[in-house]
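In what follows, a single structure is set out as structure tokens and then discussed.
Every read-out reported here was derived from the displayed coordinates using simple, explicitly stated rules and does not represent laboratory data. Not measured: the values here are computed from a predicted model. A quick note on method: Cβ atoms are made from the backbone with ideal geometry, for glycine too, and the neighbour counts reach across all protein chains shown.
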Amino acid sequence: MSLVKLYDTTLRDGTQAEDISFLVEDKIRIAHKLDECGIHYIEGGWPGSNPKDVTFFKDIKKEKLSQAKIAAFGSTRRAKITPDKDQNLRTLVASEADAVTIFGKSWDFQVHEALRIPLEENLELIFDSIEYLKARMPEVFYDAEHFFDGYKSNPEYALKTLKAAEQGGAACIILCDTNGGTMPYEVAAIVEKVKATVSVPLGIHTHNDGECAVANSIVAVQSGIVQVQGTINGFGERCGNANLCSIIPALKVKMGAQCVSDAQMRQLRELSRYVYELANLAPNKHQPYVGNSAFAHKGGVHVSAIQRHPETYEHMRPELVGNTTRVLVSDLSGRANILAKATEFNINLDSKDPVTLEILEDIKAMENRGYQFEGAEASFELLMKRALGTHRKFFQVVGFRVIDEKRHEDEQPLSEATIMVKVGGKIEHTAADGTGPVNALDNALRKALEKFYPKLKDVKLHDYKVRVLPAGQGTASSIRVLIESGDKESRWGTVGVSSNVIEASYQALIDSIEYKLHRDEETGAKK
Ligand SMILES: CC(=O)SCCNC(=O)CCNC(=O)[C@H](O)C(C)(C)COP(=O)(O)OP(=O)(O)OC[C@H]1O[C@@H](n2cnc3c(N)ncnc32)[C@H](O)[C@@H]1OP(=O)(O)O
Ligand SMILES: CC(=O)C(=O)O
């Protein structure tokens, strides 16, 4: 299959998503990453919309990209004025972008309702806006907005709008499923009709309202489309755009199409996470191809089989997109899960070793009480060490007390914790306050232990999640606390369960500190 050009609109349509906004500096950084990953066109924004997008086009001119072209976005001219008087078209030219993309109406209903102009006049808008830009810009693309809905409503008129774009000189006409409700079989049939009418190369731009954006893009490529528009992680207006993180491997691995190199595709997971990070959003762990769970195996039958051959439960090798196979441990585990985890932690276990069965039974009993080890791999590693007798007790908590006090209804509550620990025969008794009882307990515990283990100063609490487990007993039901801690080298998760939230937090905090001390000892890190 021939080359499919990738056109990324994360910086324009991506920012039309609720919760997503990028600073100009973020946009420049993302543009560099997209360029490194082999994206052919990067739509930087709509310069006629806001000063930030104008600045992006000014600033990106000073940057050196290895291959990507920068595209500016806008609409056809407004009615009743000539293109040279249209501020939007003028700012597109002033952007000095490598390419320009304008959208225009294909659907008679939109012309009547959104533009409120005669159908013929819309054809003029499309034709002369493109003609004007074509004379001034290196490359002009035409986004045929609502094309599929327009075609279904009035095929003759929808095709006429494309003819106007072709006559105006568009280098590529992009068929848009703007409302995102088109089905894959409709895309295939309509693209065939378009190919019989226009000879300009075609592109596709789909939205995900019917959950078919990726499928629709793939079908369009199968039907001969040569440009695919989409966004990283599928960010975009309403339910989002076609997700390039899924489209790229689908094109390369499944369809044998050329788009980016193998090395560039291996950066896809990193690119996905980079964009989440700059958007200040947590990555979607269940995202196909690049998510943490995309190649994570939980069922014992699956884990046993993938160890015999990964293709038994993986549709492709995760390394191709920079991802990895993961094995989860839960009450759905069998011996294979435990053995795989042991290997990951450099622990020697045999499937026939009674310890393996003991660990498996412990896990199932603990999960039954509400523990969950999927996000708490550090607690699981400690559990294995306890079963194997390799767990070392670095300290002993003799006791603790947490006080939460509100002295006046207008005052913030005060939290204070005192703790007594024993390390190698020495007793340490400390107190600390905190923004809440758990924070106070964490501060007191670390204050007591830092004297003996100064590296604990590096440990930070990154995430704290509390889940009330369904028991139907109101405040007497069990509480599960999941903590994510980290130091300069890595992050790790621990878990605690109790009917008392402080006790559950305490268990997770103790595991976190014990994990850090074990790991430092094993890696030879200085106290
Ligand atoms: C399918 C898509 O995703 S298209 C991209 C959508 N993205 C955005 O809208 C984000 C950026 N937009 C903006 O900053 C603003 O909407 C602007 C600056 C572009 C325009 O702002 P305003 O002039 O205040 O117009 P408003 O936002 O109300 O939009 C309606 C106007 O757009 C016009 N319009 C809509 N589509 C088109 C089109 N394809 N060609 C020409 N004009 C169009 C309408 O006719 C209407 O103009 P009118 O009020 O003179 O009749
Ligand atoms: C152009 C565009 O963003 C759309 O039609 O959805």
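General observations
- Region 396-523 shape via C-alpha gyration tensor axes, a/c threshold 1.5: oblate
- Beta bridge orientation in the chain: antiparallel %, DSSP, nearest 5: 50 percent
- Using alpha-carbon coordinates, inclination of helix 377-388 to the longest axis of the chain, degrees: 30 degrees
- Ellipsoid fit via the Cα gyration tensor, region 1-58: semi-axes of 21, 12, 11 Å, each the root of five times an eigenvalue, largest first.
- Contact order normalised by residue count of the chain, Cα under 8 Å, 6+ apart, percent: 9 percent
- Counting only alpha carbon atoms, the long axis of helix 501-523 and the longest principal axis of the chain meet at about 90°.
- Cα long-axis angle, helix 268-278 against the chain (0 to 90 degrees, to the nearest 10): 80 degrees
- Each of F373, F22 was scored by other Cβ atoms within 10 Å of its Cβ. Arranged with the fewest first, they read F22, F373.
- Taking a sphere under 15 Å around the Cβ of H40 and counting the other residues whose Cβ falls inside, with K and R at +1 and D and E at -1, yields a net charge of -2.
- Value at 222 nm in deg cm²/dmol, rounded to 500, when DSSP H runs of n ≥ 4 in the chain each add -39,500 (n - 2.57): -11500 deg cm²/dmol
- Candidates per trypsin sites (Lys or Arg not before Pro) in region 1-106, loop by DSSP, up to 14 other Cβ within 10 Å: K61, K62, K64, K80
- For region 483-527, backbone nitrogen atoms closer than 20 Å to the point 7 Å from K451 Cα along Cα-to-C-beta are found at 510, 513-514, 517, 527.
- Charged neighbours of G486, selected by a Cβ distance under 10 Å, balance to -1 (K, R count +1; D, E count -1).
- Euclidean distance between Cα centres, region 45-112 to region 162-187, Å: 18 Å
- Once both labels are positioned 7 Å from their Cα atoms along Cα-to-Cβ, the gap between A79 and H429 label points is 8.5 nm.
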